[in-house]
Amino acid sequence: MSESLYERLGGTQGITNIADDIVELHLVNPAIAPRFQNMKMTPAELKNAAATFFITGTGGPEVYQGRDMLAAHKGMNISALEFMAVLDDALNALTKNDIGQREQEEVLFVLYSMREQVVLT
Ligand code: HEM
């Protein structure tokens, strides 16, 4: 058996670093930054939600306590371009954290598979 994606992304610390970088990139990505200016949670809370969501979703401990992706994004009318911007930021954060191509592809696939729960809901 190969290691879980959780382990290959560097475990809890590695994923926390990646999630922090993804949120930081969102905050300065002109395509989506306005979305994160008037949200209910703080950027720190969003970083924690993103990290725990990834930890749980990649085979790590069950630490995610937030909403499911449909509930979290429902009513925001998120466009396909905004979804792509989030994937761009994820890819850039993975590269910055020296994650291998195989793992980058797996993460991108997992994120892409949530498109129907996030876009135009
Ligand atoms: C596969 C792609 C995505 C994933 C995995 C994801 C993940 C998450 C997670 C885990 C939360 C926290 C939910 C909670 O704690 O209850 C969240 C919240 C949020 N997401 Fe996403 N997201 C994605 C795409 C997007 C896109 C494309 C946008 C818009 C540009 C977006 C905007 C937001 C905003 C504004 C919040 C905060 C909502 C609030 O404060 O109520 N997300 N997302």
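The values are calculated or read from the model by the stated rules, or taken from the named source; none is laboratory data. Everything numeric here is computed off the predicted structure, so don't read it as measured data. Please note: Cβ atoms are built from the backbone with ideal geometry, for glycine as well, and neighbour counts cover all protein chains shown. SASA here: full protein model, heavy atoms, side chains in, ligands and nucleic acids out. Shrake-Rupley method; radii C 1.70, N 1.55, O 1.52, S 1.80 Å.
A quick yes/no check of all residues on (1) within 8 Å of the ligand (Cβ to nearest atom); (2) closer than 20 Å to residue 4 by Cα; (3) free of Cβ contacts under 8 Å to residues at least 12 places away in the same chain:
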| residue | (1), (2), (3) |
| --- | --- |
| 65 | yes, no, no |
| 73 | yes, no, no |
| 86 | yes, no, no |
| 95 | no, yes, yes |
| 100 | no, yes, no |
| 103 | no, yes, no |
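Taking the conditions exactly as written (modelled with pLDDT under 95 and either open to solvent by less than 30 Å² (accessible area, probe 1.4 Å) or within 9 Å of the ligand (Cβ to nearest atom) (or both)), does residue 38 satisfy them or not? Give the steps one after another, and end with the answer.
Details: modelled with pLDDT under 95: yes; either open to solvent by less than 30 Å² (accessible area, probe 1.4 Å) or within 9 Å of the ligand (Cβ to nearest atom) (or both): yes.
Yes: the conditions hold for residue 38.
Please indicate, with yes or no, whether at least one residue in segment 53-62 is on the phi < 0 side of the Ramachandran plot, among the hydrophobic types (A, V, I, L, M, F, W, C), within 7 Å of the ligand (Cβ to nearest atom) and under 13 Å from the mean Cα position of the chain (by Cα). Full working, then the answer.
Within segment 53-62, the subset on the phi < 0 side of the Ramachandran plot is 53-58, 60-62.
Going one step further and asking which of them are among the hydrophobic types (A, V, I, L, M, F, W, C), we end up with 53-55.
After this cut, where a residue has to be within 7 Å of the ligand (Cβ to nearest atom) as well, the list is 53.
With the extra rule that they be under 13 Å from the mean Cα position of the chain (by Cα), the set shrinks to 53.
For segment 53-62, residues on the phi < 0 side of the Ramachandran plot, among the hydrophobic types (A, V, I, L, M, F, W, C), within 7 Å of the ligand (Cβ to nearest atom) and under 13 Å from the mean Cα position of the chain (by Cα): present.
In this structure, is residue 81 in contact (Cβ under 8 Å) with a residue 12 or more places away in the chain and surrounded by 15 or more Cβ atoms within 10 Å (Cβ to Cβ)? Break it down stepwise before answering.
Numbers: in contact (Cβ under 8 Å) with a residue 12 or more places away in the chain: yes; surrounded by 15 or more Cβ atoms within 10 Å (Cβ to Cβ): no.
Answer is no for this residue.
How many residues does segment 84-111 hold that are more than 15 Å from residue 58 (Cβ to Cβ) and open to solvent by 70 Å² or more (accessible area, probe 1.4 Å)? Explain how you work it out, then say what you get.
Of all residues in segment 84-111, those more than 15 Å from residue 58 (Cβ to Cβ) come to 84-89, 91-92, 95-96, 98, 101.
Adding the requirement that they be open to solvent by 70 Å² or more (accessible area, probe 1.4 Å) leaves 84, 88, 92, 95-96, 98, 101.
Selection size over segment 84-111: 7.
What residue, among those in segment 25-35 that are free of Cβ contacts under 8 Å to residues at least 60 places away in the same chain and open to solvent by 20 Å² or more (accessible area, probe 1.4 Å), is nearest to the chain's Cα centre (by Cα)?
Let us first name the residues in segment 25-35 that are free of Cβ contacts under 8 Å to residues at least 60 places away in the same chain, namely 27-28, 30-35.
Add one more test, that the residue is open to solvent by 20 Å² or more (accessible area, probe 1.4 Å), and what stays is 27-28, 30-31, 34-35.
On the way: 27: 13, 28: 15, 30: 17, 31: 16, 34: 17, 35: 15 Å.
Only one residue tops the list, namely 27.
Any residue at all in segment 34-51 that's aromatic (Phe, Trp, Tyr) and either in contact with a Gly (Cβ under 9 Å, 6 or more places away or on another chain) or on the phi > 0 side of the Ramachandran plot (or both)? Spell out how you get there, then give the answer.
Taking segment 34-51 and keeping what is aromatic (Phe, Trp, Tyr), we get 36.
Filter once more, so that each one left must be either in contact with a Gly (Cβ under 9 Å, 6 or more places away or on another chain) or on the phi > 0 side of the Ramachandran plot (or both): none.
No, because not a single residue in segment 34-51 is aromatic (Phe, Trp, Tyr) and either in contact with a Gly (Cβ under 9 Å, 6 or more places away or on another chain) or on the phi > 0 side of the Ramachandran plot (or both).
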